[in-house]
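Q: The following block contains the structure, expressed as structure tokens.
The values are calculated or read from the model by the stated rules, or taken from the named source; none is laboratory data. Source: prediction; values computed, not measured. Positions of Cβ are backbone-derived with ideal geometry, glycine not excepted, and every protein chain shown enters the neighbour counts. The area values use the complete protein model at the heavy-atom level, side chains included, leaving out ligands, DNA and RNA. Shrake-Rupley method; radii C 1.70, N 1.55, O 1.52, S 1.80 Å.
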Amino acid sequence: MSSSEQPASPVRQLRLVVEADDYEAAVRFYRDVLGLPEQAAYSGDDDARVVILEAGRATLEIANPAQKRMIDEVEVGQQVAPRLRVAFEVDDTAATTDRLVAAGATQVAPPTTTPWHSVNARLDAPANLHITLFQELHTPETRATLDGFTTNP
């Protein structure tokens, strides 16, 4: 295997499962307004329902407490994020923020250009999720050439 090839991950999918007290509102917001395509939906006894929405490529971002505090300071100006925050990469952070706020999300911080070369906005959204919308300003190839952007082998 060459040094540029990565071994296949033993994990095929990351699925974040969120309990929503107002199921219909959450589905409408994430599927119909944010635009996550429906992959599957299931129902069962006692009005049990779930919908699985496609969210593009999934990653797991693990940050130590100092990094979490720094991200909150850059994006919001104060500590606001709970232990879990969901981030969605979008093509246009400002337009998507406006659309989601019009659909009922609460803007916590407006679109902000970050030191890591993305435009990020923070929202409190249905299903009690604190979310980040982010728009990358550089391709992964360009980012890899910038100071401070590295990956561990």
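Q: I'd like to verify a number: residues in segment 29-42 that are more than 21 Å from the chain's Cα centre (by Cα) and surrounded by 10 or more Cβ atoms within 10 Å (Cβ to Cβ), how many?
A: 1
Yes/no matrix, rows are residues, columns are (1) within 16 Å of the chain's Cα centre (by Cα); (2) β-branched (V, I, T):
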| position | (1), (2) |
| --- | --- |
| D47 | no, no |
| V51 | no, yes |
| E61 | yes, no |
| N64 | no, no |
| D92 | yes, no |
| P110 | yes, no |
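Q: Could I ask something else about it? Which residues, taken from segment 59-106, are touching a residue at least 60 places away in the same chain (Cβ under 8 Å) and touching a strand residue (DSSP E or B) at 6+ places or on another chain (Cβ under 7 Å)?
A: Those that are touching a residue at least 60 places away in the same chain (Cβ under 8 Å) and touching a strand residue (DSSP E or B) at 6+ places or on another chain (Cβ under 7 Å): V86, T96, L100, A105.
Q: Output the number of residues of segment 17-58 satisfying the condition of being of a type in the set (D, E, K, R) and touching a strand residue (DSSP E or B) at 6+ places or on another chain (Cβ under 7 Å).
A: Summing the residues that are of a type in the set (D, E, K, R) and touching a strand residue (DSSP E or B) at 6+ places or on another chain (Cβ under 7 Å) in segment 17-58 gives 4.
Q: The conditions are (1) more than 25 Å from G148 (Cα to Cα); (2) among the hydrophobic types (A, V, I, L, M, F, W, C); (3) open to solvent by 80 Å² or more (accessible area, probe 1.4 Å), and L53 fails exactly one of them. Which is it?
A: Just one mismatch for L53, condition (3).
Q: For segment 65-84, what are the residues that are within 17 Å of A127 (Cβ to Cβ) and open to solvent by 70 Å² or more (accessible area, probe 1.4 Å)?
A: Correct list: R83, L84.
Q: Only one residue in A102, A26, A8 is open to solvent by 50 Å² or more (accessible area, probe 1.4 Å), of a type in the set (A, V, I, L, M) and at pLDDT 95 or above. Which one?
A: A102
Q: Would you mention how many residues in segment 85-99 are open to solvent by 60 Å² or more (accessible area, probe 1.4 Å) and over 16 Å from L129 (Cα atoms)?
A: First, pick out the residues of segment 85-99 that are open to solvent by 60 Å² or more (accessible area, probe 1.4 Å): 85, 89, 91-92, 98-99.
Next, only the ones that are over 16 Å from L129 (Cα atoms) stay: 91-92, 98-99.
Within segment 85-99, residues that are open to solvent by 60 Å² or more (accessible area, probe 1.4 Å) and over 16 Å from L129 (Cα atoms) number 4.
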